[in-house]
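Written out below as structure tokens is the structure these notes cover.
The values are calculated or read from the model by the stated rules, or taken from the named source; none is laboratory data. Keep in mind the model is a prediction, meaning the values are calculated, not measured. Quick reminder, even Gly has a Cβ in these numbers, built from the backbone with ideal geometry, and neighbours come from all protein chains shown. The accessibility values were calculated without ligands, DNA or RNA, using every heavy atom of the protein model including side chains. Shrake-Rupley method; radii C 1.70, N 1.55, O 1.52, S 1.80 Å.
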Amino acid sequence: MHGVGRMVMRRGAQLIPVMIIATFVVFALVFLMPGDPAATLAGDFATEERIMEIRALYGFDQPFIVQYGRWLWNALHFDLGQSLFSNEEVSTLILMRLPHTLLLVFYALILGAITGIPLGILAATRQGTRLDKAITSLASLGVAVPNFWLGIILVSAFALDWRIFPATGAVSIFEDPIQAIYYATLPAVALSTNVTAVLTRQVRSALLEVLSAQYIRTLRAKGLRPQAVLWRHGLRNIAATILTVAGLQFNLLFSSAVIVESVYAVPGVGSLISYSALNKDFPVVQGVALVLVVLVIAVNLLVDVFNSILDPRVAAST
Amino acid sequence: MHRVLYDNTLRPSRRSVLMGAAAVGAGMMMPAGARAQDATPQRGGTLRVSMPYNPASLDPITGRNLPDFNSLYALYDALIGFDDETLELQPMLAKSWEWSDPSTLVLELQEGVTFHDDTPFDADAVVFNLRRGLDYERSNVRSDLSGVNAVEATGPMQVTISLDAPNAALPAILSNRAGCMVSPTAVQAAEGGNIDRAPVGTGPFRFIEWRDNDLIRVERNDSYWQGPELPYLDGIEYRIINELNTAARTVTSGQADLALQLAAQQIMVARRSDNIIATATTSMTYYTAFFNYARGPLADLKVRQAMNYALNRADLQQVLMMGLGEATCSIFPSEFWASGPDAKDYYPHDPERARELLTEAGYPDGVEIATLSWPDQAAMQRTEIIGNQLAQVGIRLNVTPVQPAQAIQVFMIDGQGDMLISPTGGNPDPSLAFDRQFSATALRNAGKIELPGYRELLEATMTTYDFDERQQKLFELELFVAENALHLPQYMSAGMAIQTGKVKDFTFGILAAPRFHTVWLDENA
């Protein structure tokens, strides 16, 4: 476990520079988008004079590095500032919205895992059969289907025609966990198809590779039952693959959530960041970017920690 | 000159004729589909509204976009009210107003009104609010009140406003943001006077919570001055749903009672459902293209007129608004009192005439117009169809897509490009509508010039207080803008909403600024 501890320490030290670089890049990208928020802030019936006043009032006329520096200084003091447009505290916005997105992402990940892993195993152990072909084709379809489209189809079937699930909205998991999961079901299903598809394909090919390895043949030759070979040796060896793929999918799900959240009117961070980026609401975009960077780094670290427990060679090599 | 703008001789709108005696009182006119038949309003229930825009602020003077009015008049009363359908001014917090001379407006205030925090409403509160509109650094209504020289409490319930110059639009300005009354106590108690997220007014509903870009909740004001019956609702929950199709689905799936600010597409879809009422009502918003006529090809009147003749507005309206709008060369809907008989069809679709004018202007082989357009799908579609119609007479659009905020900077401030395709409108007063688009000081006037004759006509509309005379002056100004082809108007938009049969007496109004005080829910529907 010594290796694991060192890995955590080293990653922790990387966190600060990565956060600074990431927020700098995001800030620069938003800054490079033409126009500034002053015209939006001045309103539908603005005058040119008013736009200039607002520019000075909010400091939009300051150089890029001064604006970023001011943001960073405050952020280092745990002050993420307020939305330019609605004056809401950025930290409040994130705290209100992140749980909705996390619920969707984890729910989709779990749905993806409980469908994708068995399907992958089934396909690998029945390699070349019709079942394998059906599963593989389905997985290709799952990767290809855009989840916003699937989202709309699911709403029209399960919310408008049959009225089994709500068409839109979300309930806070802290207020009513059962309702929260109920509301999150359709969007989570829409999000999960990509996870299912990717996991199925990865599990299948990883398992096929392991099952064709020399030591598996040796085990079989020794007379071990095929079931035992599969469960004790095959799956154990693809666990790292599953974890890594799941970790990557977790990160990708945040970007898919941007669209699915808007189809289902889920007040999560996905809809927050797209709305804020379009309006050039610097403080909100920066705040969300910061939180997402931390989340992604934390999940990657977690995946690596688990991997190194499963396979000590990993810890030794990082 | 007694209260000449509060005048009952207004030309009745098509709809008010239709309604006739069915109108029970002010603000009770409603879209035909939503009309309650012989039903007595019921008290109680929470109205669930879906709307696509998060307000910028719930402070009337720091807010900035028209959709903010979905919730503003639920929370605030303005000094002066208006009829939803005609914009005819009506008493509100000011029970009467009078021009003692053309530059002095005297308001007599309603007694017995209190703010939601129990602060009494009086002349001092009005002075506080108008001064705040002029002085607060975050105020977006300073330009509305720019001619105001002094505001004084001339009695406990009387306020006198002195202007630098006559301005017949002032009462209408006081029916909008600048006239919405905020509790002085609340402003004084707030940090930096910022009540963006903690609004306190005198309106029919009091503020409960605002989860940003998610939900706004308001609750019945039990001591509403127009009560005790009103408002009928216990409260309103506004869900903010940015995606229009999603917002419409909340009503079809029964999760909301009413969805506001939709587009033609959702109205057409909703009309296929039996138990959903979809309405598209007259609106003050219009689609046009702003011209920079200070330089380039659009400095030539003949080119501007050629563009206007080249458009087939009926087709545009049919395709882009699915027939729910109104093709027009004016900036007002034809039933609006300031819209004269001659402007609407000033430029019939006449490609021959357009080509002739281009040739006369020295462009026999056509002309290229540097065009800016918003980048969203609907705007690009609009731009392509307009471009296609213009191309048929040899006018080629060289289109650059820009975000709305950037368009303001690039076109209106930096003066780049010849024209910008954009919707606009929604002004409470017709003089303001012209002033904000065509005056040299207007942001939308990219060339910052006025053609000879414009200023005199505009000023006549601002200094004429007799209703009929003012109406004539406005007709003249409207015609001047059309004759000189100062822009490329296309069609009027519509106020588009869908609702369930439960919602009674809701009217979006031509300004899309509903008050909700007489809306009620029919639990038996």
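For region B:211-224, filtered to residues that are in contact with a Lys or Arg (Cβ under 8 Å, 6 or more places away or on another chain) and open to solvent by less than 50 Å² (accessible area, probe 1.4 Å), the residue that is nearest to the other protein chains (Cβ to nearest Cβ) is B:Asp214.
Confirm whether A:Leu103 is at pLDDT 95 or above, in contact with a helix residue (DSSP H, G or I) (Cβ under 8 Å, 6 or more places away or on another chain) and crowded, with 19+ Cβ neighbours inside 10 Å. Don't jump to the end; show me each part of the working.
Details: at pLDDT 95 or above: yes; in contact with a helix residue (DSSP H, G or I) (Cβ under 8 Å, 6 or more places away or on another chain): yes; crowded, with 19+ Cβ neighbours inside 10 Å: yes.
Judged against the criteria, A:Leu103 is a match.
Looking across region A:274-287 at every residue that is more than 11 Å from chain B (Cβ to nearest Cβ) and buried (at least 24 other Cβ atoms within 10 Å of the Cβ), the one that is nearest to A:Leu95 (Cα to Cα) is identified as A:Gly287. Would you be able to say whether some residue in region A:145-154 is open to solvent by less than 80 Å² (accessible area, probe 1.4 Å), without any contact (Cβ under 8 Å) to a residue 60 or more places away in the chain and more than 22 Å from the chain's Cα centre (by Cα)? Among the residues of region A:145-154, at least one is open to solvent by less than 80 Å² (accessible area, probe 1.4 Å), without any contact (Cβ under 8 Å) to a residue 60 or more places away in the chain and more than 22 Å from the chain's Cα centre (by Cα), which makes the answer yes. Selection within region A:30-49: residues that are open to solvent by less than 40 Å² (accessible area, probe 1.4 Å) and of a type in the set (A, V, I, L, M, F, W, C). The member of this set that is nearest to the other protein chains (Cβ to nearest Cβ) is A:Ala39. Of the numbered criteria (1) within 14 Å of chain B (Cβ to nearest Cβ); (2) within 25 Å of A:Val269 (Cα to Cα); (3) in a helix (DSSP H, G or I), the one A:Ile181 fails is (1). Once region A:237-261 is narrowed to residues that are polar (S, T, N, Q) and touching a residue at least 40 places away in the same chain (Cβ under 8 Å), the residue that is surrounded by the fewest Cβ atoms within 10 Å (Cβ to Cβ) is A:Asn251. If you go through region B:177-211 and keep only what is of a type in the set (Lys, Arg) and more than 22 Å from the chain's Cα centre (by Cα), you end up with B:Arg197, B:Arg206, B:Arg211.
The residue list A:Leu72, A:Leu76, A:Leu84, A:Leu57 contains one member that is surrounded by 19 or more Cβ atoms within 10 Å (Cβ to Cβ) and of a type outside the set (Ser, Thr, Tyr), which is A:Leu84.
With respect to B:Ala278, is the statement that it is touching a Lys or Arg at 6+ places or on another chain (Cβ under 6 Å) and either without any contact (Cβ under 8 Å) to a residue 24 or more places away in the chain or in a strand (DSSP E or B) (or both) true?
Values: touching a Lys or Arg at 6+ places or on another chain (Cβ under 6 Å): yes; either without any contact (Cβ under 8 Å) to a residue 24 or more places away in the chain or in a strand (DSSP E or B) (or both): yes.
Answer is yes for this residue.
Residues of region B:72-117 that are more than 21 Å from B:Ala198 (Cα to Cα) and under 16 Å from the mean Cα position of the chain (by Cα): B:Ile80, B:Gly81, B:Phe82, B:Asp83, B:Asp84, B:Glu85, B:Thr86, B:Leu87, B:Glu88, B:Leu89. Return yes when B:Ala525 is of a type in the set (A, V, I, L, M, F, W, C) and not in a loop (DSSP other than H, G, I, E, B) and no when it is not. No: the conditions fail for B:Ala525.
Looking at B:Asp196, B:Asp144, can you tell me which residue is open to solvent by 10 Å² or more (accessible area, probe 1.4 Å) and among the acidic types (Asp, Glu)? Spell out how you get there, then give the answer.
Values: B:Asp196 fails: open to solvent by 10 Å² or more (accessible area, probe 1.4 Å).
Just a single option satisfies the conditions, and that option is B:Asp144.
Number of residues in region B:249-277 that are under 13 Å from B:Gly501 (Cα atoms), at the interface with chain A (Cβ under 10 Å from one of its Cβ atoms) and of a type in the set (Val, Ile, Thr) equals 2.
Screening B:Ser373 against (1) within 14 Å of chain A (Cβ to nearest Cβ); (2) touching a residue at least 40 places away in the same chain (Cβ under 8 Å) leaves a single unmet condition, (1). Listed by position, the strands (runs of 3 or more DSSP E) enclosed by region B:51-135 that each have at least 1 residues that are farther than 19 Å from B:Ala186 by Cα, open to solvent by less than 10 Å² (accessible area, probe 1.4 Å) and of a type in the set (Gly, Ala, Ser) are B:80-82, B:94-101.
For B:Leu390, indicate whether it is surrounded by 14 or more Cβ atoms within 10 Å (Cβ to Cβ), of a type in the set (A, V, I, L, M, F, W, C) and over 30 Å from B:Glu243 (Cα atoms). Taking the combined requirement at face value, the residue satisfies it.
Conditions tested, residue by residue: (1) within 12 Å of chain A (Cβ to nearest Cβ); (2) assigned to a loop (DSSP other than H, G, I, E, B); (3) closer than 24 Å to B:Phe434 by Cβ.
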{"site": "B:Thr154", "(1), (2), (3)": "no, no, no"}
{"site": "B:Ala168", "(1), (2), (3)": "no, yes, yes"}
{"site": "B:Ala198", "(1), (2), (3)": "yes, yes, no"}
{"site": "B:Thr202", "(1), (2), (3)": "no, yes, no"}
{"site": "B:Glu209", "(1), (2), (3)": "yes, no, no"}
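For region B:179-193, filtering for residues that are open to solvent by 10 Å² or more (accessible area, probe 1.4 Å) and assigned to a loop (DSSP other than H, G, I, E, B) leaves 1. Every test in (1) within 21 Å of B:Gln437 (Cβ to Cβ); (2) out of contact with any Leu (no Cβ under 6 Å at 6 or more places or on another chain); (3) not hydrophobic (A, V, I, L, M, F, W, C) is passed by B:Gln255 save one, and that test is (1). Scoring B:His349 on the criteria (1) open to solvent by 70 Å² or more (accessible area, probe 1.4 Å); (2) within 12 Å of chain A (Cβ to nearest Cβ) leaves a single failure, condition (2). Beta carbons closer than 6 Å, at least 6 apart along the sequence or on distinct chains, pair a first residue in region B:229-248 that is within 13 Å of chain A (Cβ to nearest Cβ) with a second that is part of a loop (DSSP other than H, G, I, E, B) and hydroxyl-bearing (Ser, Thr, Tyr) for B:Thr246/A:Thr168.
Just name the residue that is farthest from the chain's Cα centre (by Cα) out of those in region B:416-442 that are without any contact (Cβ under 8 Å) to a residue 60 or more places away in the chain and open to solvent by less than 10 Å² (accessible area, probe 1.4 Å). Going through the qualifying residues, I end up with B:Ser439.
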